[in-house]
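FYI, it's all coordinate maths here, none of it is from the lab. Treat the numbers as computed from the prediction; the structure is a model and nothing was measured. Heads up, the Cβs are rebuilt from the backbone with ideal geometry, glycines too, and the neighbour counts pull from every protein chain shown.
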Amino acid sequence: MPKMKTKSSCKKRFSMTATGKVKGSQAGKQHGMIKRSNKFLRNARGTTLLSAPDAKIIKSFMPYAR
């Protein structure tokens with residue numbers, strides 16, 4: 001049986017933690033910062049853990065990242 005392929009877009013945008021959770025960057029930080037509040041920008045720094053339903057989808061695209 002051939003190897004399963006990993007989605008290139010997922011491998012660039014997400015990574016796995018040691019406990020198997022999916023880590024990704026915060027949403028809403030690509031453009032349009034002028035209209036966003038300073039509180040929003042502060043809270044959206046760095047990375048965050050995805051929710052369980054979203055993580056399940058991403059894990060299906062990354063078969064060898066578990």
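Okay, here's what the table says:
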read-out	value
Among 36, 13, 45, residue whose mean-square fluctuation peaks in a GNM of the chain (springs only between Cα atoms under 10 Å)	36
Charge dipole (debye, nearest 20) of the chain; +1 at Cβ of Lys and Arg, -1 at Cβ of Asp and Glu	120 debye
Gain upon complete extension [residue 11, residue 65; 0.36 nm per residue less C-alpha separation]	18.5 nm
Largest to smallest principal axis extent of the C-alpha atoms in the chain, angstrom	52, 23, 17
All lysines inside 29 Å of residue 35 as judged from Cα atoms, apart from same-chain residues fewer than 8 positions distant	12, 23
